[in-house]
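Q: I'd like to ask some things about the structure below.
The values are calculated or read from the model by the stated rules, or taken from the named source; none is laboratory data. Every value quoted in this text rests on a predicted model; they were computed, and no experiment measured them. Counting neighbours? That spans all protein chains shown, and the Cβs are built from the backbone with ideal geometry, glycine included. Side chains are part of the model used for accessible areas, which takes the heavy atoms of the whole protein and leaves out ligands, DNA and RNA. Shrake-Rupley method; radii C 1.70, N 1.55, O 1.52, S 1.80 Å.
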Amino acid sequence: MIAFDYARPASIVDALGAARERPAARFIAGGTNLLDLMKLGIERPRHLVDIGSLDLRVIEETAEGGLRIGALVTNAELAADRRVRARYPVLSRAILAGASAQLRNKATTAGNLLQRTRCFYFYDPATPCNKREPGSGCSAIGGVNRIMAIVGTSEACIASHPSDMAVAMRALGAVVETTGPAGERRSLTLDELYRLPGDTPHLETQLGAGELITAVTLPPPPPGRQSYRKVRDRASYAFALVSVAGIVAVENGRISHAALAFGGIGTMPWRDRAAETLLVGQAPGAGLFARVADAVLTGARGSGSNDFKLPLFRRTLAAALTALTEETRA
């Protein structure tokens, strides 16, 4: 690990100031991903701004009927919150499907959204990786790519996004609140926050230098049943091979609302609104679910050892949608 200086500001203003005064400074809170990457020499920040003591650890009701989640609310706190469990069960289940209890006690809401890929080659400095070292090449293409993405990929990168929580939040239409180094504030949907890799896979979000996530807002709970289905190599503490965050409402035998997001298959938490529209107004059934899978996988491409994700996704989506609608068809 390289030498770095360390600041622990007592306010958001001080944190932004510390980052502004130190070019390329990195914010740190739970540190469950960044510290690992620093120990491996993947991340090499010269300045750390520890925001762990800031007053950003509150979950509060919004006037619109949603929830505003402070950036430092831990994953364990968020999953256990009675309002989240009652009104956003897809989020609670997604969080509990990720990491270990120890990690969930340390990992924060903002940190979870910004965690980096678990691509084997990203973590191996001895191999080329465009995400770690732009222009060096992608070892995963043609290499061992079992866990890699099949949608949203490019010739420069096929690394999948690892977060479960972000998948549920994308299905829920969460909005990220940020404050920039000069105090400017903005709101980004998760659709807007994440970037496709293209030919610059090292740029993963639209956040600017020194821009701090302060909260994530959930809109009022959507109608219908919610579920999070995750397929992985072992029953706990493993990243998704395929996951589905589903929210589906059925009225009079037809689907009246649908929101779907997917993990394990995309270079970012994946949502396909065109596929969702195929469901609305239709009677649930295997044929319909297959057409939705076809729509999501339009342009999808395996890279060898991750080819199995194509049929696995179809089966997982069909199972998720069947479970979400089966009672309405009984």
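Q: Anyone know which of ALA126, ALA80, ALA249 comes out most mobile in the 10 Å Cα GNM of the chain?
A: The residue with the greatest mean-square fluctuation here is ALA126.
Q: Have a look at the DSSP beta bridges in the stretch 1-129 and tell me what percent are antiparallel, nearest 5.
A: Taking every DSSP beta bridge within the stretch 1-129, about 40 percent pair in antiparallel fashion.
Q: With runs of 4+ DSSP H residues as the only contributors, calculate the mean residue ellipticity of the chain at 222 nm using -39,500 (n - 2.57) per run, divided by the residue total and rounded to the nearest 500.
A: Calculated at 222 nm, the ellipticity per residue is -8000 deg cm²/dmol.
Q: With a 1.4 Å probe and every protein chain left in place, work out the accessible area per residue of the chain in Å², rounded to a whole number.
A: Ligands and nucleic acids excluded, the figure is 43 Å² per residue.
Q: Now for a separate question. How much length is gained on full extension from SER53 to ARG315, taking 0.36 nm per residue of separation minus their Cα-Cα distance?
A: Result for the pair: 89.9 nm of gain on full extension.
Q: Can you give me the relative contact order of the chain as a percent, contacts being Cα pairs under 8 Å and 6 or more apart?
A: Once divided by the residue count of the chain, the mean separation gives 17 percent.
Q: Of THR200, THR108, which has the most accessible area and how do the rest follow, probe 1.4 Å?
A: THR200, THR108
Q: Using DSSP to define loop residues, name the chymotrypsin sites (Phe, Trp or Tyr not before Pro) in the stretch 205-257 whose beta-carbon has at most 13 other beta-carbon atoms within 10 Å.
A: Answer in residue order: TYR237.
Q: Under a plain spin-label model, where a point goes 7 Å from the Cα along Cα-to-Cβ, how far apart in nm are LEU40 and ASN105?
A: 2.4 nm
Q: What does the charge count near TYR237 come to, summing +1 for each Lys or Arg and -1 for each Asp or Glu among other residues with Cβ under 15 Å from its Cβ?
A: +3
Q: Another question about this same structure. Using a Gaussian network model of the chain whose springs link C-alpha atoms within less than 10 Å, name the residue from PRO181, PRO311, PRO284 with the highest mean-square fluctuation.
A: Answer for the Gaussian network model of the chain: PRO311.
Q: Viscosity 0.692 mPa s, temperature 37 °C: what is the translational diffusion coefficient of the stretch 213-330 from Stokes-Einstein with a Kirkwood Rh over Cα pairs, rounded to a whole number of µm²/s?
A: Estimated via Stokes-Einstein, D reaches 219 µm²/s.
Q: Just check the stretch 1-121 against the gyration tensor rule for me: Cα atoms, a ≥ b ≥ c as the square roots of the eigenvalues, rounded for a/c under 1.5, and otherwise prolate or oblate depending on whether a/b exceeds b/c.
A: Verdict is oblate for the stretch 1-121.
Q: Averaging over all projection directions, find the projected area of the Cα convex hull of the stretch 215-271 and quote it in nm² with one decimal place.
A: If I average the Cα hull's projected area over directions, I get 5.6 nm².
Q: Next question. What spacing in nm lies between the two simple spin-label points modelled at ASP199 and THR322, each 7 Å away from Cα in the Cβ direction?
A: About 4.5 nm, to one decimal.
Q: Would you kindly derive the ³J(HN,Hα) couplings of the stretch 296-302 from the backbone phi angles with the Karplus curve 6.51 cos²θ - 1.76 cosθ + 1.60 (θ = phi - 60°), listing them in order in whole Hz, with x for Gly and Pro?
A: With coefficients 6.51, -1.76 and 1.60, one gets 5, 8, 4, x, 5, 8, x Hz.
Q: Could you give log10 I(q)/I(0) at q = 0.08 Å⁻¹ for the chain, computed by the Debye formula over C-alpha point scatterers of equal weight, without solvent?
A: -0.37
Q: Sticking with this one: What fraction, in whole percent, of alpha-carbon pairs in the stretch 172-274 exceed 16 Å separation?
A: Cα-Cα pairs of the stretch 172-274 separated by over 16 Å account for 69 percent.
Q: Further, regarding this structure: Quick check: net charge around GLY208, other residues with Cβ under 10 Å of its Cβ, Lys/Arg +1 and Asp/Glu -1?
A: Overall, the nearby charge balance is -1.
Q: Let me ask something additional. For the stretch 119-164, rounded, prolate or oblate, judged on the Cα gyration tensor with a ≥ b ≥ c (square roots of eigenvalues), a/c < 1.5 rounded, else prolate if a/b > b/c?
A: Prolate, since a/c reaches 1.5 and a/b exceeds b/c.
Q: When the Karplus curve 6.51 cos²θ - 1.76 cosθ + 1.60 is applied with θ = phi - 60°, which whole-Hz ³J(HN,Hα) does each residue of the stretch 258-267 get, with x for Gly and Pro?
A: Working through the residues one at a time gives 8, 9, 9, 9, 9, x, x, 9, x, 6 Hz.
Q: Around MET1, with a cut-off of 10 angstrom between Cβ atoms, what is the net charge of the other residues, counting Lys and Arg +1 and Asp and Glu -1?
A: Combined, the nearby Lys, Arg, Asp and Glu give +1.
Q: Whole angstrom only: what separates the Cα centroid of the stretch 51-100 from the Cα centroid of the stretch 267-320?
A: That distance is 28 Å.
Q: Quick check: residue separation of PHE4 and ALA235 times 0.36 nm, minus the Cα distance between them. What number comes out in nm?
A: 79.4 nm
Q: Oh, and also: Among the listed pairs LYS106/LYS230; LYS230/LYS309; LYS39/LYS309; LYS39/LYS230, which are separated by more than 24 Å between their Cα atoms?
A: LYS39/LYS309; LYS39/LYS230, as the Cα separations exceed 24 Å there.
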